[in-house]
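Undergrad: First the structure, then my questions, so here it is.
The values are calculated or read from the model by the stated rules, or taken from the named source; none is laboratory data. Please read all numbers here as calculations on a predicted model, not as lab measurements. Methodologically, a virtual Cβ is constructed for each residue, glycine included, from the backbone with ideal geometry; neighbour enumeration extends over all protein chains shown. Each accessible area value is taken on the protein alone, full model and side chains, heavy atoms only, with ligands, DNA and RNA left out. Shrake-Rupley method; radii C 1.70, N 1.55, O 1.52, S 1.80 Å.
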Amino acid sequence: MIMVSWFGAKAYADFYGWRLPTEIEWEKAARGTDTRAYPWGDEIELNQANFYYSRDPFEKSFGKQGSTTPVGFYNGKKYNGYQTKKGMSPYGLHDMAGNVWQWTGDDYPDVHYRYMRGGSKVGYEHNLRVWSRNSAGPDFYAI
């Protein structure tokens, strides 16, 4: 889902009896139990996640910045001549790095901001590391 605020993401989860993951839960889901920098290991290649100038087919269609890719696009398969590398976490989760920032459920005392993890299609490689975070007001929404 894109273009959703923290309030919207929380309401969606609440509606189904779910909850947003804490930052610690999110990081473990992305990293596993070791110290890897990215969900798949310590290095990143252009065809492993959707980030700024990763040269995927969606960038070629929409210009340099591109668009979001379908969930699980970076799975080791070839699409119209574009070979992807597996980009999933040790737990088999896709898109834990790149594509869109993901809201976490932490609501820290005396902090107005909420935190996002995972990087996005407009971020650089360093923004996709599992320990990277971003913050925004809970009413913010973007890709």
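Undergrad: Taking the stretch 37-48 as the search range and keeping residues that are out of contact with any strand residue (DSSP E or B) (no Cβ under 9 Å at 6 or more places or on another chain) and over 20 Å from T104 (Cα atoms), which one is most open to solvent (accessible area, probe 1.4 Å)?
TA: E43
Undergrad: Here's another thing I want to ask about it. Output the residues belonging to the stretch 105-132 that are under 24 Å from D56 (Cα atoms) and assigned to a strand (DSSP E or B).
TA: M116, R117
Undergrad: Let me ask something else about it. When you go through Y82, Y74 one by one, which is the residue that is touching a Pro at 6+ places or on another chain (Cβ under 6 Å) and over 28 Å from A11 (Cβ atoms)?
TA: The conditions single out Y82.
Undergrad: Still on this structure: Based on this model, can you work out whether E25 counts as open to solvent by 30 Å² or more (accessible area, probe 1.4 Å), acidic (D, E) and in a loop (DSSP other than H, G, I, E, B)?
TA: no
Undergrad: Take V130 and decide whether it is in contact with a Phe, Trp or Tyr (Cβ under 9 Å, 6 or more places away or on another chain), open to solvent by 60 Å² or more (accessible area, probe 1.4 Å) and either among the basic types (K, R) or under 29 Å from T35 (Cβ atoms) (or both).
TA: No; evaluated as a whole, the condition is false for this residue.
Undergrad: Separate question: Can you tell me which residue within the stretch 109-140, out of those that are among the hydroxyl-bearing types (S, T, Y) and modelled with pLDDT of 95 or more, is nearest to L46 (Cα to Cα)?
TA: S132
Undergrad: Which members of the stretch 49-60 meet the condition of being out of contact with any Asp or Glu (no Cβ under 8 Å at 6 or more places or on another chain), assigned to a loop (DSSP other than H, G, I, E, B), free of Cβ contacts under 8 Å to residues at least 40 places away in the same chain and open to solvent by 10 Å² or more (accessible area, probe 1.4 Å)?
TA: The answer is R55, and nothing else.
Undergrad: Moving to a separate point now. What residue, of P57, P90, is at pLDDT 95 or above and either more than 28 Å from F140 (Cα to Cα) or hydroxyl-bearing (S, T, Y) (or both)?
TA: Numbers: P57 fails: at pLDDT 95 or above.
Among P57, P90, only P90 is at pLDDT 95 or above and either more than 28 Å from F140 (Cα to Cα) or hydroxyl-bearing (S, T, Y) (or both).
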